[in-house]
Structure formats: structure tokens, C-alpha cells
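The values are calculated or read from the model by the stated rules, or taken from the named source; none is laboratory data. It should be emphasised that the depicted structure is a prediction, and the values quoted were computed from it without experimental measurement. Note: ideal-geometry Cβ built from the backbone for every residue, glycine included; neighbour counts use all protein chains shown.
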Amino acid sequence: MIGRHAGPADPVPGRGAPERQRRPRGEEALGVQRDPFQTLNYGQPVVERWALGDRSGARNRARSSRLRSRTGRIGRLAALTLAVALAVVGCGGDGSGGASSAAPGTTTDPPATATPTTQASTTTTKPAGERIPVLSGNKASKSDIRWVQQHLGRVHPDLKRMVGKADGRMGPETRQALCVYRTISRALPSSLWKPIGKADLKSLAKTNTLPAFAFAKQTKAKTVAWVTKDCQAVMEVVHGRYRHIMPATTGKPGHETPSGLHKIEWRWPGWHVSTKYRENGQMYQSQYFGPGIALHGVPRHEVHKQPSSHGCVRLYPSDANTLYRHLKVGIPVWVTGRFHFPS
């Protein structure tokens, strides 16, 4: 047998020839490190591989587990803190732990007693923490007047409409609304020009709604149109409650609107002209309760805050229309008071 010739390119084993570099294959080509304890025999048991990638993943999983545990503890602590805070607020009312935390030398309001269910209450005590204005030198400041305007609007929506914007100015609208409130309350002297007093502030602070009509025995009717010359206003009273309150203008000196209890005798719908005062006698939805005396609407610029008619009760057209819908022949018209002109 002729053997293959060993040329110079074929190194002879055992004589210092360079060993051929082996090409990486399989897991070595992919960069996977073998465990040094793993044997070449895959059939034998091997120690669990713990490469660098496995150790990094284990550390990340441990870190995530610790973070979730810490987050859970923080959430439970926050929930416990919130529960304790709510319990303190529920027990103390103002979050300060009740009366025991009051400053030394101060007094606190006594707890309000429950209103008996057998008696309807028209007033409520002032809310806790509400500031009642203190007049400086018996003169109301701008903030005091704004407080009065806001509370007048709280007791009746028509008083809010009468006041308009709560701007802190004691204009004729605010004076008129305060005068109506005094008239209804009865305990306060009613005057369009009387300034704000301490009695007004105390009454408004504890009043949440207007009291019931106190003159049902005088009128003896379920529905009454009450005309107050003190405040130049008309109030529609139904079953003892004030359904509507509206500005009005009564008769001027020499032509005063007659006081007393009257009844609507007849009505004239729509616009028409007075047969007695044709030069400026436009009338709307007239309801007569005396000889030539009626509740009727006029153009808006003819409704003033002081008496200026020839005896009739002037109203804004919208208010005259409202009264015409609600009243009818036979309804009492009660005229009270006397207007006091400013000195």
C-alpha cells in the first residue's frame, strides 16, 4: 500500500508542529458559558448552572420582591393614617379633638339642641365658624353690607333678585330689600332709610327663611296681596308663605294709596290708557280694589323707590303679569304703613 506523502503543509504529530485552532461550535458560538462543574457526558447528573445572566435575573427578581413588599407596607400605613384622621374628625367635629383643644381663656358655643318634630322651625342657628359683622362706630363697612346682601338673598329668592349683585354698596335696592325683611320680621322697625343696625345683623345671622305670615287673622284669607307703603313693595302671600315679593310705587302725598283691607273688584287685561290721567296713564293688567285705584303694570322707568303715583300701585310689567295670573276677583288687598321721606 502506497502511503500519502507528508508534505511541508502537513505537520507531524509530536514534533512541535503548531496545533490547528478549533472553530467554536454550538453553545460556544452563541456565547453561552458552561458550568465548570458540568461534565462532557450529558447523561451524568450535573450541578445546576449559575451563569452571569442567571445571577443578574435573580438579583432583579429579589429587588422587585423587596420593592413590592415595601410598597404594600406604605399603602397599609397610609390607609391606617386616613382611618385615624376620619375617626378624629367624626368625634371632634372640627378635626381638633373637640372642646378640649380650645385655647385657654376662650369660650365655645353650646351644642345646638334638636328641634322638636311637632313644631316647624323657620329659623336656624348660625353655622359654626360664621362671622357676624361687628359695626365699627355703628356704621357698616363695605364688607358688612356685602354680608347683609348675601344673607338677604339666602332667606328668599325675590329678595336676592331685588338686591341684585352683592357689591357692598348700600343702594336703594338693598335698602328696599332690608326694609321688606324688617317688615316681615315685625320685631324690627321698618324704614327704607334706616341704616343697618346690630339688630339686623343678629336677626339675619340666625334666619334661614322668612317666617310665616303673621296677619292671617286680620285678613282671613288664604291668598293676600300685601302692599307695604313703608318699603314700596307688594308681597303675594299664599297659605301663610311669601310666594312673591316685588318692588312697587304707591301714591304720592295728596294722592296716597288708601290704607286698610280691600278686595279686588274688577280687572282689565292687557295694555290700556287711564281714563283720568291720559297724558301718562299707560296701564297693564289692571286689578282694581277701589274707586280708580288698582294694581297695574307701567313702563319700567315709572317704577320708583318712593311714592309718585296718583293713588294706584305701580308694578313692573312682568310682576303685574304674575299677579294677574295668581289673583282673581275677591282676593284681599291689604295696604299698610306709611312712607317716611328722608329728612
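Sort out which residues of the stretch 218-236 are over 22 Å from Glu173 (Cβ atoms) and not in a helix (DSSP H, G or I), and write them in order of number.
Of the stretch 218-236, the ones over 22 Å from Glu173 (Cβ atoms) are 218-224.
Selection gives Lys220, Ala221, Lys222, Thr223, Val224.
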Worksheet item: How many residues are touching a His at 6+ places or on another chain (Cβ under 9 Å) and either surrounded by 11 or more Cβ atoms within 10 Å (Cβ to Cβ) or small (Gly, Ala, Ser) (or both) if we restrict to the stretch 273-295?
Response: 14
Worksheet item: Do the conditions hold for Leu178, that is, is it aliphatic (A, V, I, L, M), assigned by TED's automatic domain parsing to the domain that holds Met162 and more than 25 Å from Arg131 (Cβ to Cβ)?
Response: no
Discussion item. Against the conditions (1) among the polar types (S, T, N, Q); (2) more than 25 Å from Cys179 (Cα to Cα); (3) crowded, with 16+ Cβ neighbours inside 10 Å, where does Thr322 fall short? Just the number, please.
Written reply: (2)
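Give the number of residues within the stretch 306-328 that are among the small types (Gly, Ala, Ser) and at pLDDT below 95. Give the derivation first.
So the first thing to find is which residues in the stretch 306-328 are among the small types (Gly, Ala, Ser), and the list is 308-309, 311, 318, 320.
So of that shortlist, the ones also at pLDDT below 95 come out as 308-309, 311.
Residues that pass the stated criteria total 3.
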Practice prompt. Determine the pairs where a residue that is aromatic (Phe, Trp, Tyr), located within the stretch 288-308, has a partner that is part of a loop (DSSP other than H, G, I, E, B) with Cβ atoms under 6 Å apart, the partner being 6 or more residues away or on another chain.
Written response: Tyr288/Glu265; Phe289/Ile264
Worksheet, complete the sentence: Apart from one, (1) more than 19 Å from Ser141 (Cβ to Cβ); (2) outside the structural domain of His326 (by TED's automatic domain parsing); (3) in contact with a His (Cβ under 7 Å, 6 or more places away or on another chain) all hold for Tyr242; the odd one out is (2)
Worksheet item: Which one is nearest to Arg146 (Cα to Cα), of the residues in the stretch 180-202 that are in a loop (DSSP other than H, G, I, E, B) and basic (Lys, Arg)?
Response: Lys194
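Any idea which of Ala205, Ala177 is more than 30 Å from Ser259 (Cα to Cα), part of a helix (DSSP H, G or I), out of contact with any Gly (no Cβ under 7 Å at 6 or more places or on another chain) and small (Gly, Ala, Ser)?
Checking each option against the conditions leaves just Ala205.
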Worksheet, complete the sentence: Being outside the structural domain of Val234 (by TED's automatic domain parsing) and either at pLDDT below 90 or touching a helix residue (DSSP H, G or I) at 6+ places or on another chain (Cβ under 7 Å) (or both) narrows Gly171, Gly164 down to just Gly164
